[in-house]
Every structure is written in structure tokens, then in C-alpha cells.
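The structure appears below as C-alpha cells.
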Amino acid sequence: DDVLEAAGKANMETGTPVNVRRDNGEILKTVTESKPWLLGGHTWVVLVKGISGCYALSRVTPIK
């Protein structure tokens, strides 16, 4: 379930290295610029370097 997966990532800190899956399928290696928050009561999102606006956590994977 995407909601449970995203909620599990909700404890990410600012500066966490991540891979972001873009709309075109491209993977962008970047870092978070905020802590995640729940947008509109239904979608976990985060700010990441190099992308304007927030991005859904369902497309963000922390790099170990």
C-alpha cells in the first residue's frame, strides 16, 4: 500500500540522500530540503533539491 509505505518514510530528516522517480521514469539522485508532511490529509510529500514544489513520498526512496 503506497500510503503505508509513504508513512513509513515520514520520519526522514532534511538532508537525507534520496532517489526520486520523475514523471518520465527518470531517477534523480538528490537530497531532501524539508521533513515530510501530510498534504491535504491524504498525501505525504517532501521538498527535494532540484525540483520545484513538493514531491510525493511514494516516488521518493531514501538511499542507504
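Out of (1) in a strand (DSSP E or B); (2) touching a residue at least 24 places away in the same chain (Cβ under 8 Å); (3) open to solvent by 40 Å² or more (accessible area, probe 1.4 Å), the odd one out for Y55 is which?
Against the list (1) in a strand (DSSP E or B); (2) touching a residue at least 24 places away in the same chain (Cβ under 8 Å); (3) open to solvent by 40 Å² or more (accessible area, probe 1.4 Å), Y55 comes up short only on (3).
Please determine whether any residue of the range 8-22 is loosely packed, with under 11 Cβ neighbours inside 10 Å, of a type in the set (K, R) and at pLDDT below 95.
No, because not a single residue in the range 8-22 is loosely packed, with under 11 Cβ neighbours inside 10 Å, of a type in the set (K, R) and at pLDDT below 95.
Quick one: in the range 38-52, which of the residues that are open to solvent by less than 50 Å² (accessible area, probe 1.4 Å) and modelled with pLDDT of 90 or more is nearest to E26 (Cα to Cα)?
Among those that are open to solvent by less than 50 Å² (accessible area, probe 1.4 Å) and modelled with pLDDT of 90 or more, it is I51.
The values are calculated or read from the model by the stated rules, or taken from the named source; none is laboratory data. Not measured: the values here are computed from a predicted model. Virtual Cβ from ideal backbone geometry, glycine too; neighbours counted across all protein chains shown. To get the accessible areas, we keep the full protein, side chains included, count just its heavy atoms, and leave off ligands, DNA and RNA. Shrake-Rupley method; radii C 1.70, N 1.55, O 1.52, S 1.80 Å.
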